[in-house]
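Colleague: Here you go, one structure.
Read the figures in this text as sums done on the coordinates, not as results from a lab. Treat the numbers as computed from the prediction; the structure is a model and nothing was measured. Cβ placement follows ideal geometry from the backbone for every residue including glycine, while neighbour counts extend to all protein chains displayed.
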Amino acid sequence: MTTPAESRPEHPRRSRDQHDAVIEQTTHRRDHRGRARAPLIVVGIDTSEASPHALAHAAGAARRMHATVLVAYISTLATSAYLTSLAPMGADLTTDLTTEQVTATRELATEILHDLPLPWSFTVRCGDPAVELARLAEENNADSLVVGRSSSRLHRLTGSTAARLLRRTRCPVTVVP
C-alpha cells in the first residue's frame with residue numbers, strides 16, 4: 001500500500017534553489033541606478049495608543065519581507081502658541097515637550113524592535129504629519145507606509161492623518177487600529 005506522499009506525481013515545478021532565487025529577486029529590488037536594495041517600510045509613530053500596534057505590525061511585515069524599517073516621529077508645531085501674542089514665551093515649553101516626546105518615542109521603538117533581526121532607523125521631522133510622512137516615503141522610495149488609526153473625534157471633522165495619507169502617497173498605506 002502506498003502512502004499519499006508516495007502516490008503524488010512529481011510536478012514540474014521549480015526546484016528549491018530556483019524558488020529561493022525567485023524570492024531573492026523579488027525581495028532585492030533595484031533602485032533608479034540599478035543597485036540592489038532591500039524593501040523599505042516607513043512607519044509613523046507618536047505617543048498615541050495605536051503607535052505600538054502600528055510599529056509591531058510594521059516589524060512583522062518587515063521580518064517577513066526581509067525589509068528595513070524606517071521609524072518616523074513627526075513633530076507638529078503648536079499652532080495655538082503661534083496664534084497668541086505669548087508665542088516667544090511658550091516656545092521653550094513646546095521645545096521641551098517635543099524633546100520628551102521624541103525620547104519616549106525612540107524608547108518605544110527600541111523596546112519593540114531590539115530583539116528582531118532586522119535593520120531599522122529612527123528619524124524626526126517637523127511639520128504636518130501627513131505631508132512629512134508622504135514626503136519621507138517618496139524620498140526613500142518606500143514599499144509600504146504604516147500608521148496607527150486616530151482615536152480623536154476631531155479627526156472625523158478635519159480628516160485624520162491616515163485618510164490624508166491615502167490621498168497623498170503612491171505606496172500602499174496600512175492603517176493599524
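Colleague: May I ask you to compute the full-extension gain from Thr99 to Ala38, defined as 0.36 nm times their residue separation minus their alpha-carbon distance, rounded to one decimal in nm?
Modeller: 18.8 nm
Colleague: Can I ask one more? I'd like to compare 121-133, 39-51: which one has the highest average count of other Cβ atoms within 10 Å, and what's the full order after that? If you can, show how the numbers build up before the last one.
Modeller: Values: 121-133: 16.7, 39-51: 21.1.
Most protected by this proxy first, the peptides run 39-51, 121-133.
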